[in-house]
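**Student:** Sharing a structure, written as C-alpha cells. Questions coming.
The values are calculated or read from the model by the stated rules, or taken from the named source; none is laboratory data. This is a predicted model, so every value here is computed, not measured. Glycine gets a Cβ as well: all are built from the backbone with ideal geometry, and neighbour counts include every protein chain shown.
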C-alpha cells in the first residue's frame, strides 16, 4: 500500500510538471508561429524542474512537521505563506537559468519590482493549487480510513451484541423446559422441539445484520408458543400486524428479546398472568412496533432490566443512528408499552 502511494506520487509529480513544460513549449510555438530554439526548450524544462524540486521539498517539510494532522483553519495560512515563499524562491532561481538560456538579456528587468511581484504571484498560485490537491487527497484518504475503521468497529460491536442474545435466551428457555420435565414430559418434549426450531433460525441470523420482519415474527410466535406451555392460561397473546410490515427489515431477535422481557418482568410477576400484545403500523416509510405487556414499571423504570433492553437500544443506535427511536413507558395502570420506530430498508431475497 505504501509502495503504491509512493509510485502514484512520483507518477503525478512527473506527469504534472512534465505537462507544464510541454504546455509552455506548445504555447510558445503557437505564439511565434515557428519552432522554438533548443535553449528556450531547455529553459521551460528547467523551470518545470524547479517546480518539481520545490513541491517535493515542500512535501518532505509537510510530513516532517505533521501538517497533515492540522485542522483547516490552522493549515490555510501556513500553506499560503509556504506557497508565497516557494513562488519567490522559484523566481529567484530561474534568473540565472534565464540568463544562461538567453531568455533574459537585461539583468535589471529580472529585478524589476513589478516583474518580481507579477511572476511570483503566478507561481504562488501554482503552488497553492498543488498544495490544495495534495492536502485534499490526504484528507479524503484519512476520512475513508476513519469510515472503514468505524464500520469495522461497528461490525464487531454488533456481532458482540448478537452473541449475547443467544446464551441469554437459551438460559431462560431451558429454565422453562426444566419446570415441565417432571410435571408434563409430553409438553416438555414439545417445548424442546420448539426451542430447537427457534435456535435453528437464530443461528442463521448470526450471519445477518438485518432480517425480514416476517421471519422475526415467526420467531416471536414460536417463543410465545413455548412460553405458553409453561404459563398455560396465565399467558394470552394478541397480534395486530400491518400488512406492509413485511416490507421492512429488523435486527435479528430484537422483537423476540422485547417480548421475552415483557413475559419475564411483567406477566411472570402477576398471579393471574396477563397479555402480550404485538402491534405494528407503517407510516411515512417507517415501521412502528408496539409491544404491550401486563404489568407496571416501578417509578417509570423496569427493575433488573438485564442485557435485553440495553442491548436493543445499543443495536438501534449502531444500525440506524438518530433515525430510530425507542421508548418504554407505563400505559394506564395495567400495561407497559415498549415502542420502537425504525426506517425502511430494502428487503432482498
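**Student:** Residues in the range 22-34: is at least one under 20 Å from residue 132 (Cβ atoms) and surrounded by fewer than 18 Cβ atoms within 10 Å (Cβ to Cβ)?
**Tutor:** Yes.
**Student:** Out of (1) surrounded by 18 or more Cβ atoms within 10 Å (Cβ to Cβ); (2) farther than 28 Å from residue 11 by Cβ, what's the single condition that is false for residue 73?
**Tutor:** Exception for residue 73: condition (1).
**Student:** Checking the condition assigned by TED's automatic domain parsing to the domain that holds residue 47, closer than 30 Å to residue 143 by Cα, at pLDDT 85 or above and out of contact with any strand residue (DSSP E or B) (no Cβ under 7 Å at 6 or more places or on another chain), which residue from 75, 119 passes?
**Tutor:** Testing whether each residue is assigned by TED's automatic domain parsing to the domain that holds residue 47, closer than 30 Å to residue 143 by Cα, at pLDDT 85 or above and out of contact with any strand residue (DSSP E or B) (no Cβ under 7 Å at 6 or more places or on another chain) leaves just 75.
**Student:** Under 24 Å from the mean Cα position of the chain (by Cα), modelled with pLDDT of 75 or more, surrounded by 14 or more Cβ atoms within 10 Å (Cβ to Cβ) and in a helix (DSSP H, G or I): does that describe residue 137?
**Tutor:** So residue 137 fits the description; yes.
**Student:** Which residue pairs have Cβ atoms closer than 8 Å, lie 6 or more positions apart in sequence or on different chains, and pair a first residue in the range 94-109 that is closer than 13 Å to residue 44 by Cβ and outside the structural domain of residue 41 (by TED's automatic domain parsing) with a second residue that is part of a helix (DSSP H, G or I) and at pLDDT below 65?
**Tutor:** Between residues of the range 94-109 that are closer than 13 Å to residue 44 by Cβ and outside the structural domain of residue 41 (by TED's automatic domain parsing) and residues that are part of a helix (DSSP H, G or I) and at pLDDT below 65, there is no close pair.
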